[in-house]
Amino acid sequence: MKRREFIKTSLTAAALAVPVAQLAAKEGPDGDKSSEGTGPQIARRRYRDTAMTVPLLGYGMMRMPRLSPERPDIDYATAERQIARAMEVGLNYFDTAYFYHGGLSEKAVGDLLSKYPRDRYYLADKMPVRILKREVDLERIFEEQLGRTKAGYFDFYLLHALNRDLWEKAKKLKVYEFLKQKQAEGKIRLLGFSFHDEPEVLKEIAEAHPWDFAQIQLNYLDWTLYRSREQYEILTALGIPVVVMEPLRGGTLATLNPDAAAVFREAAPEASVASWAFRYAATLPNVLCILSGMTLTEHLEDNIRTFTDLKPLSEAELKTVVAALNVYRKVVTVPCTDCRYCLPCPAGVNIPRIFGLYNQAKAIGSRAGFRLVYDRLPEEERIASCVDCGACEKKCPQKIRIPTELRKIDAEMNAPQPATASFWTPNDERFV
């Protein structure tokens, strides 16, 4: 998309954007779960033409705080404090899935959220279509999820990570029909799907059934790169509310590279780089909720500040986004979002860790930090262990040619080091 077209499309969205001011607690009839907090509350959006309101910021439970960076075990003490803070400000939409944290995320939902009245929070969960083999698997997994989460029912439920192949599988196993029956039984309130593929496939899925909502990857980098604009427009034309995932593209848009980040800081010194990405997504009127995996408490607090007094991006601010994006695009990186769907690697390679280290090195402009951490990885987790089996490529939502990218990284990071290269200590927080 040309720069002028990008701005024009975004400005049209801004002009149409519904107000994001806070709505009164217990505003609507049974089913609404507006916050009862007495202090400042984050912005909410109305679901279609109902009295139901949803927080514009959603709590993604794929990247919860961990006891160790190398293990999926969740730091319950920190997570409990973060959830309490979220509930205090009306951030009461929680999104989990069968695979998150090696299956521990759903259990954490049951252990931590069951302490609150069920009518005070929204819970979203997903049917893992990828692992389904027979129709009988549907009942087993669904009941397992209800048991893990202790929820009794799901407010939002999705067919997880649909693409062309998984959509065909879902049709064969009659997944939609099964979930519609669960909806009729009161175990699902709103039924939708999350999506990772081309807009043409999205259109086919979206037109197949009267979906209640859909979840897509959307941010200012992917607006054209991942064809998110086309996906958003397809869903909007069909009247399907959008839930946004990867608004920061796995954290990439929270840091960028120094030159791109400087563009934002010059325009608004007091605002975080991440806040620009969240406000970009929130400017689109058909966006119902924007998910964020808030691993650190400072992430949570920064997001609360952004969404408490939320304002759509102005024309001048949209031009700032374009300027920062043009600077950032000069840095070549791997489009990995750390979703970890590629794991476990049959050979043991720690794919997302390697891509993350590489992207950080490229953003900052030095290989030293990469080597400091990479060389400490167990040998089986390094690139040399890759056997080019292709198992990871089949599961990657971003369609990354993973073995090819790993070989490129290996060649680049092992090339002769320039004499002027910078060096950081092993405690550099950008790589630890």
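Quick notes on this structure:
- Residue check, PHE156 modelled with pLDDT of 95 or more, surrounded by 13 or more Cβ atoms within 10 Å (Cβ to Cβ) and assigned to a strand (DSSP E or B): yes
- The condition (being modelled with pLDDT of 95 or more, among the polar types (S, T, N, Q) and within 22 Å of the chain's Cα centre (by Cα)) is satisfied by just one residue among GLN183, GLN215: GLN215.
- Here ALA77 meets the list (1) modelled with pLDDT of 85 or more; (2) surrounded by 13 or more Cβ atoms within 10 Å (Cβ to Cβ); (3) in a helix (DSSP H, G or I) almost entirely, failing just condition (2).
Each row is one residue, and each column tells you yes or no for (1) buried (at least 20 other Cβ atoms within 10 Å of the Cβ); (2) closer than 24 Å to ARG85 by Cβ; (3) among the aliphatic types (A, V, I, L, M); (4) at pLDDT 95 or above.
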position: ARG265; (1), (2), (3), (4): no, no, no, yes
position: PRO269; (1), (2), (3), (4): no, no, no, yes
position: LEU284; (1), (2), (3), (4): yes, no, yes, yes
position: GLU298; (1), (2), (3), (4): no, yes, no, yes
position: ARG305; (1), (2), (3), (4): no, yes, no, yes
position: LEU313; (1), (2), (3), (4): yes, no, yes, yes
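- Test for ALA151: is it of a type in the set (A, V, I, L, M, F, W, C), surrounded by fewer than 18 Cβ atoms within 10 Å (Cβ to Cβ) and in the same structural domain as THR96 (by TED's automatic domain parsing): no
- Pairs with Cβ under 9 Å, 6+ apart, first in the range 161-187 and assigned to a loop (DSSP other than H, G, I, E, B), second small (Gly, Ala, Ser): LYS187/GLY152
- Listed by first and then second residue, the pairs with beta-carbon distance under 7 Å, at least 6 apart or on different chains, first residue in the range 107-120 and among the aromatic types (Phe, Trp, Tyr), second modelled with pLDDT under 95 and not in a helix (DSSP H, G or I), form an empty list.
- Filtered by the rule that a residue be in a helix (DSSP H, G or I) and over 23 Å from the mean Cα position of the chain (by Cα), the range 103-119 gives ARG118, ASP119.
- Residue list for the range 188-218, restricted to those being farther than 19 Å from VAL244 by Cβ and not in a loop (DSSP other than H, G, I, E, B): ILE188, ARG189, GLU200, GLU204, GLU207, ALA208
- Selection within the range 281-294 - assigned to a loop (DSSP other than H, G, I, E, B) and among the hydroxyl-bearing types (Ser, Thr, Tyr): THR283
- Enumeration of residues in the range 85-111 that are over 24 Å from PHE193 (Cβ atoms), surrounded by 20 or more Cβ atoms within 10 Å (Cβ to Cβ) and in contact with a helix residue (DSSP H, G or I) (Cβ under 8 Å, 6 or more places away or on another chain): ALA86, MET87, VAL89
- You will find that of THR308, THR337, the residue that is closer than 16 Å to ASN219 by Cβ and in contact (Cβ under 8 Å) with a residue 40 or more places away in the chain is THR337 and no other.
- Leading residue by the ranking (nearest to the chain's Cα centre (by Cα)) among those in the range 44-59 that are without any contact (Cβ under 8 Å) to a residue 60 or more places away in the chain and assigned to a strand (DSSP E or B): ARG44
- ARG134 vs. criteria closer than 30 Å to ARG164 by Cβ and of a type in the set (D, E, K, R): yes
- Residues that are on the phi < 0 side of the Ramachandran plot, part of a helix (DSSP H, G or I), at pLDDT below 95 and buried (at least 18 other Cβ atoms within 10 Å of the Cβ) occur in the range 329-351; there is at least one.
- If only residues of the range 127-140 that are part of a helix (DSSP H, G or I) and under 23 Å from the mean Cα position of the chain (by Cα) are counted, the one that is nearest to SER194 (Cα to Cα) is VAL129.
- Members of the range 294-348 that are of a type in the set (S, T, N, Q) and within 21 Å of ILE74 (Cβ to Cβ): THR295, THR297, ASN303, THR337
- Failed condition for ARG227, given (1) surrounded by fewer than 21 Cβ atoms within 10 Å (Cβ to Cβ); (2) in contact with a strand residue (DSSP E or B) (Cβ under 8 Å, 6 or more places away or on another chain); (3) at pLDDT below 95: (2)
- Where PHE278 falls short, out of the listed (1) within 19 Å of HIS299 (Cβ to Cβ); (2) part of a strand (DSSP E or B); (3) in contact with a Pro (Cβ under 7 Å, 6 or more places away or on another chain): (2)
- Of the numbered criteria (1) more than 28 Å from TYR76 (Cα to Cα); (2) without any contact (Cβ under 8 Å) to a residue 24 or more places away in the chain, the one ALA260 fails is (2).
The values are calculated or read from the model by the stated rules, or taken from the named source; none is laboratory data. Note that the coordinates shown come from a computational prediction; the quantities given were computed from them, not determined experimentally. Ideal geometry is used to build each Cβ from the backbone, glycine not excepted, and the neighbour counts take in all protein chains shown.
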